[in-house]
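The values are calculated or read from the model by the stated rules, or taken from the named source; none is laboratory data. It should be emphasised that the depicted structure is a prediction, and the values quoted were computed from it without experimental measurement. All Cβ positions, even for glycine, are placed from backbone atoms using ideal geometry, and neighbour counts span all protein chains on display. Ligands, DNA and RNA are excluded from the accessible area calculation, which covers all protein heavy atoms including side chains. Shrake-Rupley method; radii C 1.70, N 1.55, O 1.52, S 1.80 Å.
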Amino acid sequence: NCLYLRHEYIKTESAMMQELIDTLCDEQHTLVVLHEGRIRTFDGQGVRHLYNMINEEPELLYDAKVAVKAVGRSAAAMMVEVYAEYISQQAYDTLKEAGIKVSFEKKLNHQDFLNVWRKLGELEAIPA
């Protein structure tokens, strides 16, 4: 009975993360956050929204799950579970060292990751 309940809990956690990934991809958002059963979506510069959340509403990231288009090392250091369409090698290493569950579509070297960020509008001020 305990194993069954544990299995159902894991299945539910996995289903919640999949819902975040689907919301990110299907609805073309740049950041999706699940906190206390509530999903919030953000458009535009996803990492800047994440940065603002960390500074203005950090409680929203406590035990939260996050899906983001692209995540670098700085944002990676503050997450519990993350899905990224694109992830830098440095962010991946940071997450794994911290014991954070991470899944992704493409892992990129630093330069390729900066090019993706530039395309997403996250690095507007930095020249190519």
Original post:
For the range 42-55, how many residues meet the condition of being open to solvent by less than 60 Å² (accessible area, probe 1.4 Å) and modelled with pLDDT of 85 or more?
Top reply: 1
Subject >> In the range 56-66, the residues that are outside any helix (DSSP H, G or I), closer than 19 Å to L95 by Cα and either open to solvent by 60 Å² or more (accessible area, probe 1.4 Å) or modelled with pLDDT of 85 or more (or both) >> reply: Y62, D63
**OP:** Give the residues of the range 1-20 that are within 13 Å of the chain's Cα centre (by Cα) and either surrounded by 18 or more Cβ atoms within 10 Å (Cβ to Cβ) or modelled with pLDDT under 85 (or both), sorted by residue number.
**Re:** M17, L20
Subject >> Considering residues of the range 79-101 that are free of Cβ contacts under 8 Å to residues at least 24 places away in the same chain and outside any helix (DSSP H, G or I) only, the residue farthest from R48 (Cα to Cα) >> reply: G99
**OP:** Out of the residues in the range 30-41 that are under 14 Å from the mean Cα position of the chain (by Cα) and either without any contact (Cβ under 8 Å) to a residue 24 or more places away in the chain or open to solvent by 70 Å² or more (accessible area, probe 1.4 Å) (or both), state the one that is nearest to R118 (Cα to Cα).
**Re:** T41
Subject >> Members of the range 73-128 that are at pLDDT 85 or above and among the hydroxyl-bearing types (S, T, Y) >> reply: Y86, S88, Y92, S103
